[in-house]
Structures are given as structure tokens and as C-alpha cells.
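Below is one structure; the comments refer to it alone.
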């Protein structure tokens, strides 16, 4: 039973006829009171003042009278502080929530749709022959979480990686590799770290002597005609791409395709003549370059092709959309998980797309940077923190914390905590905010952390190991009239609103809503665990609390999956 919708239906029937409000409008104004003592849901009466032309108290009295006259046993109504409150009957609330969670199990919270809308998502945008640093993690983690949220809300995500395999960075890498690297043997482990260190070394050497830029420019020119260099770079790039995909697998990132800049550039060159012919009013020549003047839209000028005939980023992004349309013919919705530095560029790009691809929808999911205490990290700086270096430091710190707290230690537990920490820290704040990754705070067992959530989940699982029993819907049938303690009610209420939180997270793509929900859920379970003895001598009370605990575990696991967090079996 959807209690929120039931409350909305009752309100609609209780309103005076001239209110004429639709269910969706009523639902949009229903919220959760600050305290469960007030009720499970509340509706603000002041929104009706303009319709009724009466003070809120008078309106509330009329509505309450009508609500109380209705034949229903789900809610008890009251009016407090300008809100009509609906408190759900404990017995109905418990049995309906437990039934829904246990019956749906792994599908609890998911929304089913008859027709799924496809969303192509740019994510894990890492470049071969370049440093894969921790700044890339936010891009990867955000894209993966949004993909899961789209899937859980009934649509079909199509996450793809778009990497730059052409350009100056390739020449810079090859310059250092061919001239300065003594041992050119590619290692068998952490291959992306090997490539990243070469790129960082090249960047550092260039910063010490800017005159080396002439040598790099010369290599970039030779790359256009020298087949030997082309073949060697092709082989190196293939190893680098493979290494990046291993990192993707390690992080648990799902992709349905990989597209590279060389492909989008080639696609643009294939379609450009027809493109310019079809959109003569959009593209013009200026000093030998091809531009799109978007000044009328206060977006300035976009250069597509330089006066030396070299296609620039906008050209390649146009080719990229064509490739995606060929890969996914049914898709018309395109999401781009890219840092906030590119906000203006994407506004320009989407305006171009509105003319070139009028039947498609494009949205930039902008995110802030990731900093350590040393400051901004960028792949062009010699001080980049490589992903593998950061990961290994996290592994080491995780093992140390487990040891200090006399908790179990094995590779699976360390991996679950370390990668869970990466995901949670990248997602727990709004995407527009810069993250300062503090490893000590991120691994605080008592803080707002992934490991706190995981430890709480392990604690819940341990109850069933101690009891050496399980519970099911058959046990629910043994329970008659249910009364809920405060902590039981709080936890059960949070379990019941998972789908609502998921819907909020889908709107504007906000994984931090799920992260905060997980913290609230875990806090509520810990209070329940401390105040309510689960393995009670009273068999019926024990069954009631085991049922709540099992529903908590199911909800915790399902919600954690949206953020790429795994709940270990032990800690």
C-alpha cells in the first residue's frame, strides 16, 4: 500500500469541490513531519487559503471534520502548526511495510515501467596515454550511481566512456617515452599507474624547461605522416586503454561501449560537408576558420575548425552524437557527466545540438573538483595523485583501522570498505560542491562514513547468525495486534520511504539524497539495536524485531547498491 497516495486521495475527497486539485498537486505538497509523534505525513493548509478565502484554521477544521467522517482505519488525523497530520495505524503500517519489503526483496524500492526510456551517459571519461588520477574517480562514481538510479526508477541507462586518444597529450607522452624512458617493459600489474607516471614525468620535465615544447610539437607533426610512430603509438594506446578498463572493472563501473576521440573526429569529417550544407545559417567562415556565432543567444562564438583545417572539440562532440545515435538508434536522451569547468562550453554545445539534432535532449551533469589537502589535482600537473597510489593508501589505512578496532581482516573486507569509501565520499555532498577527501574522516567508524553504514549492516546480519534462525512472511501471520516502540516506528518509517527518496534522487540526478538516506537509516537502526532487544525471550516480540531487522538489511543493501557500496558479511 502506498500510504502517501492513500492520504492524498482522502484529502482530495475532503476538499471543497471548488478546490479542484489533482492528486499529483496534492502529493507534491505532502511531506514528512519533523517528528513521528506528529504523524507519518503532513499537508500544509496555508496553500489552500487563496482558494477558500478563509484563515487556515477554519479550512483545517472543515477538512478534519470531513476526514474524520470517512470510513477508514488507516490514519488518525490532527491539525498542528498549520499542517494536517496523518498518523498511520501501527498494526496496518507494520504489516503492510513488512509484507512489501519481504515480498519484493531485492526489487524493493524499484519502480517498474512498461516502456523504458533510454539514457546514454558519458562517464569514466579517461584518456589513454595520460595520468588516471583521483579526479577521474568522481566522474566515474557519479556516472555509475546515476546509471543505477535511472535503472531503479524504471528506465534504461546506457553508460559509455569517451576518451581522448589524439592530441598534444599523446605527443607529450611519446616524447618522454621514446627519449627518456630507459625501461620500456610494460608491467603486468597496475599498468595504468605505469602510463600515468610516464605522463607525469613528461609534464614535470616540460615545466622545468618550456623549450621542450618545440620537441613535442615536432613529434606531433611527425605523428601525422610517420607510419612507424603511428604504429608504435597505436600499440601503446591499446595497452593503456586495456589498463583503464581494468580500473573500471576494479571500481565496479558498468559500461556498454567505449568511444574515442579519433573515432568522433573521423565521424565529423564524414558528415561535415552535408552538415554545413544543411545549416548554412549556423556555420560561417571567419579568417579561414569555421565558426558558429551564438552571440544572439549570449553564448559567444564556437570554433569548429581552425584555419589549418584541424577539427576542434565542438566538431568532435558533434561527431560523437552521430556515433551514439548509430550505436543506440532508440535513444534520444543524452547525459554528460563532466566537471563544472565545462559548464559554459556545454551550454554552447547544446545550443548547437538543438539545431543539428532537434529530436534529441541533452543534459550536462556538472560536478565539482576533488581535492586533497595539497590542493587541486589535475592531470596536467606534475603533482597529480594517481588512482593506484590513492587506492593503495586507502587499502593500507583501512587495514590499520580494522586492526586497531579488533575487527576481522581479509582482502574482501578491505576491498569492500575501501571502494565503498571512495564511492560514498564522492557522492555524499551535492555534485556542485568541491570535495576535500580526508582519509581519516572518510574511514571514521563512528562518523558519517561508508564504513559506519557497512558496520551497521554487518551488525544487523550478525543478529541472524546469533539467532541461528530466519523469518519470513509466514512469521508475520503469527503476529496479531502490533504496537510499535518509538525506535521501531522510526526505523520502519525510514524503510517505508525508500522509494520516495529514490524518486527525489532521480529528479535533478542527486545521489547525495541516497547517501544521506543511508546515514539516517543506519543511525535509526543503531538506536533501535540499542533500545530494543531483538533476541528477546518473548518469541512473538523476537519475531517482530527480527522482521524489522530483516527489512532493514534488505533496504540497506538495495539503497547501498545505488552508490556502489557493498555490505560485507563480517567485519
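The values are calculated or read from the model by the stated rules, or taken from the named source; none is laboratory data. As the structure is a prediction and not an experimental result, all values here were calculated from the model. Positions of Cβ are generated from backbone atoms using ideal geometry, with glycine treated the same way; all protein chains shown enter the neighbour counts.
Every listed requirement among (1) touching a strand residue (DSSP E or B) at 6+ places or on another chain (Cβ under 6 Å); (2) without any contact (Cβ under 8 Å) to a residue 24 or more places away in the chain; (3) under 30 Å from residue 565 (Cα atoms) is met by residue 328 save one, (2).
The number of residues in the stretch 532-567 that are crowded, with 22+ Cβ neighbours inside 10 Å and either free of Cβ contacts under 8 Å to residues at least 24 places away in the same chain or more than 19 Å from residue 473 (Cβ to Cβ) (or both) comes to 7.
In summary, helices (runs of 4 or more DSSP H) completely within the stretch 418-505 and bearing 3 or more residues that are assigned by TED's automatic domain parsing to the domain that holds residue 539, in contact (Cβ under 8 Å) with a residue 12 or more places away in the chain and crowded, with 18+ Cβ neighbours inside 10 Å occur at 450-467, 486-496.
The residues on offer are 2, 20, 68, 29, and the sole one that is free of Cβ contacts under 8 Å to residues at least 40 places away in the same chain and on the phi > 0 side of the Ramachandran plot is 20.
Whether any residue in the stretch 84-94 is farther than 30 Å from residue 557 by Cα and surrounded by 14 or more Cβ atoms within 10 Å (Cβ to Cβ) is what I want to check. Yes, some residue in the stretch 84-94 is farther than 30 Å from residue 557 by Cα and surrounded by 14 or more Cβ atoms within 10 Å (Cβ to Cβ).
Residues checked against (1) farther than 30 Å from residue 478 by Cα; (2) in the same structural domain as residue 432 (by TED's automatic domain parsing); (3) within 20 Å of the chain's Cα centre (by Cα):
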{"residue": "79", "(1), (2), (3)": "yes, no, no"}
{"residue": "96", "(1), (2), (3)": "no, no, no"}
{"residue": "116", "(1), (2), (3)": "yes, no, yes"}
{"residue": "134", "(1), (2), (3)": "yes, no, yes"}
{"residue": "140", "(1), (2), (3)": "yes, no, yes"}
{"residue": "143", "(1), (2), (3)": "yes, no, yes"}
{"residue": "152", "(1), (2), (3)": "yes, no, yes"}
{"residue": "159", "(1), (2), (3)": "yes, no, yes"}
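Scan the stretch 248-268 and give yes if some residue there is assigned to a helix (DSSP H, G or I) and over 25 Å from residue 313 (Cα atoms), otherwise no. Yes, some residue in the stretch 248-268 is assigned to a helix (DSSP H, G or I) and over 25 Å from residue 313 (Cα atoms).
A residue that is buried (at least 23 other Cβ atoms within 10 Å of the Cβ), under 28 Å from residue 559 (Cβ atoms) and at pLDDT 90 or above cannot be found anywhere in the stretch 64-74. Among the residues that make up the stretch 299-306, is at least one of them modelled with pLDDT under 95 and surrounded by fewer than 16 Cβ atoms within 10 Å (Cβ to Cβ)? The answer is yes; a qualifying residue exists. Evaluated against (1) farther than 23 Å from residue 35 by Cα; (2) in the same structural domain as residue 482 (by TED's automatic domain parsing); (3) modelled with pLDDT of 95 or more, residue 568 falls short on exactly one condition, (2). Scanning the stretch 400-416 for residues being free of Cβ contacts under 8 Å to residues at least 60 places away in the same chain, under 13 Å from residue 451 (Cβ atoms) and assigned to a helix (DSSP H, G or I) gives a total of 5. Scanning the stretch 136-180 for residues that are touching a helix residue (DSSP H, G or I) at 6+ places or on another chain (Cβ under 6 Å), outside any helix (DSSP H, G or I) and at pLDDT below 95 yields 164, 165, 166.
Scanning the stretch 269-282 for residues being part of a helix (DSSP H, G or I) and in contact with a strand residue (DSSP E or B) (Cβ under 9 Å, 6 or more places away or on another chain) gives a total of 4.
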